[in-house]
Amino acid sequence: AVMRVDVEGLTRRPLAQPGSAGRHFELTAPTAGSVSIGAPVFYRNLPVGQIEAVSMKEDFSAVTFTAFVEAPYDQLLNDTTRFWNVSGFDIDAGFDGLRLHFNSLSSLLAGGVAFGNIGRTVGDAEVGLDRSYSLYRNRDAAIEAGYEVSEGAGYLLMAEFDESIRGLEAGAPVEWQGVLVGRVRDVVFELAQSGQEARRIYAVLEMQPRRVGLEGLSEAELRESMSSWVRSGMRAQLAAGNVLSGRKLIRLVDSAAPAGEVDGVDFNAIPYPELPTIPATNLGAVSSNVQQIVANFAALPVDELVRSMISLVDGAGGLLNSPAMAKMPD
């Protein structure tokens, strides 16, 4: 008797050997970047897997990668895992300055992704086999995503300023004690209208409750907590972010209320509840110092300094190579 067996073949040869212990899963990114089939997957700079396939979503909205992580490293994958691209160079000119990201020579040449666990320990329960992960642009973006609230989970406030907010833009950080607690959603300039005394300049802030220990509270409890902080003196203030680019951020400052002022959050403000603010300090001085540094640098006699350096090097070379120096004792 002859037994007939029907086998459905794969369109591509799998890179991992059949039966290899580990886990396959999907990564999603806006673009493929320099990540291609065969690119390594790193954990703490150790290659523990590879990219096995690259394709486009059916609606062409994103690129998907089929990744494989070997056992026992697949046990590291859980709900706190974040993946990021480590292919080549990545340059950020953000609110806190200029950053250059570079992982390794192998990732520069072949591309690759890395992963880590954000927020909890490795002992967390594994996720289902059908779990899909996002592939972030770099490690900083992946770490930040571990703490960002999901769409609609934040709450909106506003902070109105009487001073220039030039340099404050959507996406700017809102910080408290040096910790990111929210983002600027929008910056609004309203001209004076009927019934208004003057124009308004305000920033819309999307606060993240989990970053300030307020996750899981009811709306009433959340309002009371915020009101208590503001009554105790917390105020919103403009601050310098990246002084070279002129970008600004918003800082929540404790015990900053002027003497005798006990205002709370104005929950009747339009369009969002309003945080009281205090004037920025030293922003003008910081701007003036940067301008002075640039002016001083521009005034340097660069050509003359370069000629002097060349002359100094030539003189030192001539001295060291002179016959008289060669006759000197060791």
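Coordinate-derived values only; no laboratory data. Just so you know, these numbers come straight off a predicted model, no measurement behind them. Note that we place each Cβ from the backbone using ideal geometry, even for glycine, and neighbour counts take in every protein chain shown.
Would you mind getting me the FRET efficiency between Arg44 and Phe267? Use the beta-carbon distance for r and R0 = 41 Å, nearest 0.05. Walk me through the intermediate numbers first.
Working: r = 47 Å, r/R0 = 1.16.
Calculated transfer efficiency: 0.30.
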Return the distance in nm (one decimal) between the two label points of a simple spin-label model at Phe60 and Thr31, each offset 7 Å from Cα along Cα→Cβ.
-> 1.7
Each label point is 7 Å from the Cα along the Cα-to-Cβ direction; what then is the distance between the points at Asp162 and Val7, in nm?
-> 8.1
Karplus ³J(HN,Hα) for segment 47-54 (6.51 cos²θ - 1.76 cosθ + 1.60, θ = phi - 60°; Hz, whole; x = Gly/Pro) runs x, 10, x, 7, 8, 9, 7, 10
In nm, to one decimal, how far is the Ala326 label point from the Asp79 one, both placed 7 Å along Cα→Cβ?
-> 7.8
Calculate one ³J(HN,Hα) per residue across segment 215-221 by plugging θ = phi - 60° into the Karplus curve 6.51 cos²θ - 1.76 cosθ + 1.60, and present them in order as whole Hz with x for glycine and proline.
-> 5, x, 7, 6, 4, 5, 5
